[in-house]
1. Tell me, what is the per residue accessible area of the chain in Å², probe radius 1.4 Å?
2. Can you tell me, using C-alpha contacts under 8 Å and at least 6 residues apart, the relative contact order of the stretch 136-182 as a whole percent?
3. I need the helices of the chain that pass two filters: whole DSSP H segments spanning 18 Å or more by Cα along the axis, and mean Kyte-Doolittle score no lower than 0.5.
4. When you count, for each residue, the other Cβ atoms within 10 Å and take the mean per peptide, how do 245-258, 25-38 rank with the highest first?
5. State the antiparallel share, in %, of DSSP beta bridges confined to the stretch 3-117, rounding to the nearest 5.
6. Treating cross-link reach as a plain straight distance, find the lysines whose alpha-carbon is under 24 Å from the alpha-carbon of LYS62, omitting any fewer than eight places away in the same chain.
7. Mind checking the full-extension length gain between ASP79 and TYR243? Use 0.36 nm per residue of separation minus the Cα-Cα distance, one decimal, nm.
8. Using amide H atoms built 1.01 Å from N in the peptide plane, name the residues 5+ places from VAL67, or on other chains, whose amide H lies under 5 Å from its own.
Amino acid sequence: MSIPITLIIDDPAPLINVYWWHAAEMQETESPTVASGEPVARTIPVDFLRRFADIISHRAIKGKFSVLPYPAGLGAITDGWPGCDERELNAWLDVARQSITPLMDITPEILTHAKTLDLDSLTLLPENERVWSRHQTAATMTPYISYALEILNAVDLEATGVTSPWDFGIDVEAEYQLAIRDAMRQVNDRTQIWYFLHQENEKTDFHSRVVYRRENDWQVSLYSQVGDNIWNTMNSLETGADYVSSVADDYLSEDGTSGRLAELFDAGTPIVWCTHWQSLYANGRATGLQALDEICRRVDALWGDEIEWMKCSELAAMIAAPTGERNETR
């Protein structure tokens with residue numbers, strides 16, 4: 001049987017680089033920089049999305065692609081925000097619908113992946129979503145998640161699951177699971193769902209699991225088990241082939257004998273792998289995207305039919321099948 005592999009892309013948003021807002025908050029400045037001293041790129045153009053779409057199509061890469069419904073609290077992707085180029089916004093959404101969704105599930109990464117949005121006033125609260133989640137219940141998280149799903153539906157990007165910004169919900173996970181189930185049922189009429197919150201980047205036994213089952217309804221928690229070493233490309237000015245190859249080596253060496261993907265493959269463990277939109281963009285150099293392409297070239301060359309690319313929803317369904325792992329907690 002082929003080993004499943006799925007790629008999780010966190011943090012995409014139309015046109016903006018949400019990492020700029022994270023760095024600005026962490027560094028307490030309106031001029032955040034990366035380790036090289038360069039300013040953090042504030043935008044990521046639609047042409048980069050097209051390049052990404054070409055690569056996943058060429059390599060037949062499947063997985064999950066987040067779309068932030070209300071990125072950085074600037075405004076909903078249905079309407080844009082001050083300074084947003086409406087034509088570019090619509091072009092970005094068109095590429096996502098036409099070229100990304102055939103290969104990748106869509107999820108919200110809740111709403112803003114920044115400060116929490118007050119749903120009544122549509123103004124931002126002092127706490128970011130990560131901190132806000134720590135003192136919430138299913139009753140308060142359900143409408144928050146529902147609004148994210150509704151925005152995605154309004155631009156014809158229906159979500160099959162939910163992605164946590166940072167570790168949103170980890171301190172109240174039972175309530176968070178219930179909120180996801182209720183929101184997904186109410187908005188998308190889905191009762192077979194999955195979410196991404198956890199990572200386990202050292203062990204090789206499979207951690208993704210069923211966390212809820214009632215008759216034909218189920219909920220799966222997908223764990224990423226591959227760290228984001230591509231992230232380092234944001235902080236490096238190097239762009240040459242040797243550098244790109246060295247980044248790829250962290251995942252899978254040319255001969256297949258080393259790298260985190262090789263560890264999981266050798267253990268027979270389904271490969272759930274997470275990277276970030278800003279990692280691939282690499283502050284405008286796109287060396288992260290080049291590394292992704294090289295890694296996936298090696299995957300195909302070394303393993304061929306021994307692996308099977310899957311959307312996250314497909315992997316979740318496999319896990320939830322009667323022969324899959326069951327670990328019901330509620």
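The values are calculated or read from the model by the stated rules, or taken from the named source; none is laboratory data. Here the structure is a predicted model, which means the values were calculated and not measured. Positions of Cβ are backbone-derived with ideal geometry, glycine not excepted, and every protein chain shown enters the neighbour counts. Accessible surface is based on the protein model in full, side chains and every heavy atom, while ligands, DNA and RNA are left aside. Shrake-Rupley method; radii C 1.70, N 1.55, O 1.52, S 1.80 Å.
1. 40 Å²
2. 59 percent
3. Those that clear 18 Å and a mean of 0.5 are 138-154.
4. Highest to lowest by the protection proxy: 245-258, 25-38.
5. Taking every DSSP beta bridge with both residues in the stretch 3-117, the antiparallel ones total about 20 percent.
6. By straight Cα distance, LYS62 reaches LYS203, LYS311.
7. Value of the extension gain: 55.0 nm.
8. Under 5 Å from the amide H of VAL67 lie the amide H atoms of THR107, GLU109, each far enough along the sequence or on another chain.
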